[in-house]
Amino acid sequence: MTKGKLILGALVASLVALPQVARAKDGHARLPGLDGKRPGLTMKVLRYTGGTNGKMVVEVRNPSLQTVAFDPTGLYFVPEGDPDKAPQRLGAAGPFEVSEGGVWKSQEKLRVPPGKTAKVQLQVFCIDSHRSSPTASHQFNMAAERLPKNLRREISAGASDALRKSGNRMPAAKSAIQSHIWKTRDQRWIKLEGERRQEKNATPPDQRRYRPGIRRMIRPSSMDQRQSID
């Protein structure tokens, strides 16, 4: 067997091993299970607003015959294209917003009636601190699985704590939540969908510092990689 065929075979095998999301023609995909339970909802990614911690606008549909609760815990989004050149992946954390009569209203829970569709804005945060920040021009897909249980629990707990300390004001809590997510990811790196061939772990938490007044992440070893926190 030639070297070229060996490389091709390995590439095909790696692609087959990746989790796949089956999408309908309209772009909807079934939500991944949570703690062994399938929610029975589908979701379509509409757009990302851009930045280190922006909002992912999605469409949630209930094709079943009964009302189903929507829970975004552990959902994350993978940028399209070559992972080695792609920006950070994004994970949902904190309350979300639901469009009601053209007005966005913050909610912690959402129940979708049978056959109905809800337009939702998920608050998302970057989960790869060593990559560049995504922009509104980047296209994302929902990952086939949710974040591993331990990781999503730590992220949810940290986000809830930061929100409580900020008086449940998301704009004031963003910096603390983003810092917590990066720190949690870096402490015990877990491979996720969209991983690079040689994913470089982020700067260790004890070597990263923040200036609250500027709200900018500073890396002592690489000043040209500064990223603003929106």
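Roughly how many Å² is the accessible area per residue of segment 22-163, as a whole number, for a 1.4 Å probe?
Details: 6480 Å² over 142 residues.
Ligands and nucleic acids excluded, the result is 46 Å² per residue.
For Leu34 and Ile190 in one chain, what is 0.36 nm times their gap in residues minus the Cα-Cα distance, to one decimal in nm? Let's see the in-between values first.
Details: separation 156, 0.36 × 156 = 56.16 nm, distance 1.80 nm.
Once the chain is fully extended between Leu34 and Ile190, it gains 54.4 nm.
Quick check: net charge around Val120, other residues with Cβ under 9 Å of its Cβ, Lys/Arg +1 and Asp/Glu -1? Provide the component values of the computation, followed by the final result.
On the way: positive: Lys119; negative: Glu59, Glu97.
With Lys, Arg at +1 and Asp, Glu at -1, the neighbours total -1.
Cα convex hull of segment 81-178: mean projected area in nm², to one decimal?
Numbers: hull surface 32.8 nm².
Mean projected area for segment 81-178: 8.2 nm², to one decimal.
Of the accessible area of segment 82-177, with the probe set at 1.4 angstrom, what percent is carbon plus sulfur? Let's see the in-between values first.
Values: 2200 of 4620 Å².
Heavy-atom surface of segment 82-177 belonging to carbon and sulfur, 1.4 Å probe: 48 percent.
Pop a pseudo-label 7 angstrom from the Cα along the beta-carbon direction at both Lys25 and Gln107 and give the gap in nm to one decimal.
Taking the two extended label points, one gets 3.0 nm.
The values are calculated or read from the model by the stated rules, or taken from the named source; none is laboratory data. No experiment lies behind these values; they were computed from the predicted model shown. Here the Cβ is made from the backbone with ideal geometry for all residues, glycine too, and neighbour counts use every protein chain on show. Protein only, heavy atoms only, side chains kept; ligands, DNA and RNA dropped before computing areas. Shrake-Rupley method; radii C 1.70, N 1.55, O 1.52, S 1.80 Å.
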